[in-house]
Amino acid sequence: MARIWSRLRRFLTHRWIDVGDAHQALPRAALERLERRIAASEQRHTGEVCICVEAALPASYLLRDATARERAVAMFGKLRVWDTEHNNGVLIYLLLAEHAIELVADRGLNRHVDAQRWQRMVEQLRNALRAGQYEDGLTTALEEVSAVLVEHFPATQDRPGANTLSNRIDLR
């Protein structure tokens, strides 16, 4: 019985929150600043960084009791973050309804970075979000991800930074 109530509570929470909540957390001016930071970041390395802020999971995910991680991995594919020459794309994913944060890195980058380093980035972002500092938290996460990409996949004259994906923040 507790399981049924838990799933019902989760379903209602996700139906209560919508994309307006995402826009409230990240107003247009904040989105524009973050998008400029992504573009600047991608000039320094050969990877791609995408940010997706989703208010709530789609009903199909809720009905099958999917996790935020499952949705982040699906969005990694849907946004084509995997589609980089060196398999070094990164998705920073926020699910507002559950206060969930996921970093999904492609296999080319993941082989260079241990799980603890990713977890430290998630914790820093989580602390900023708890304080209501969405833009600051995402800026710090972007800087950390960029530092990892510059360390392992720096842009050079032979391999300039390639901006093949949109820098727009995906709000849902």
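The values are calculated or read from the model by the stated rules, or taken from the named source; none is laboratory data. In this text the structure is predicted, and so the values were computed from the model without any measurement. FYI the Cβ positions are ideal-geometry reconstructions off the backbone, even for glycines, and counts take in every protein chain you see. Quick note on the areas: whole protein, heavy atoms, side chains included, nothing else; ligands and nucleic acids left out. Shrake-Rupley method; radii C 1.70, N 1.55, O 1.52, S 1.80 Å.
Some observations on this one:
- Relative contact order [Cα under 8 Å, 6+ residues apart], region 64-172, whole percent: 20 percent
- When each of the peptides 2-12, 49-59, 112-122 is scored by how many other beta carbons lie within 10 Å of its residues on average, the order from highest to lowest is 49-59, 112-122, 2-12.
- If you run the Gaussian network model on the chain, springs between alpha carbon atoms under 10 Å, then out of Thr139, Thr67, Thr46 the most flexible one is Thr67.
- Looking at region 1-159, the accessible area is 52 square angstrom per residue; that uses a 1.4 Å probe and ignores ligands, DNA and RNA.
- Cβ-placed point charges (K, R +1; D, E -1), dipole of the chain about Cα centre in debye, nearest 20: 620 debye
- GNM flexibility winner over the chain from Leu63, Leu95, Leu79 (Cα, springs under 10 Å): Leu63
- The chain shape via C-alpha gyration tensor axes, a/c threshold 1.5: prolate
- Shape category assigned to region 79-132 from the gyration tensor of Cα positions, a/c cut at 1.5: oblate
- Cα gyration tensor shape for region 1-103, rounded if a/c is under 1.5, else prolate or oblate: oblate
- Top of Ala22, Ala131, Ala39 by mean-square fluctuation, Gaussian network on the chain, Cα under 10 Å: Ala131
- Helix-derived mean residue ellipticity, 222 nm - over the chain, DSSP H n ≥ 4, -39500 (n - 2.57), to 500: -16500 deg cm²/dmol
- Calculated FRET efficiency for the pair Gln133/Arg15, C-beta based, R₀ 41 Å, to 0.05: 0.95
- Surface share of carbon and sulfur [accessible, 1.4 angstrom probe, percent] for the chain: 51 percent
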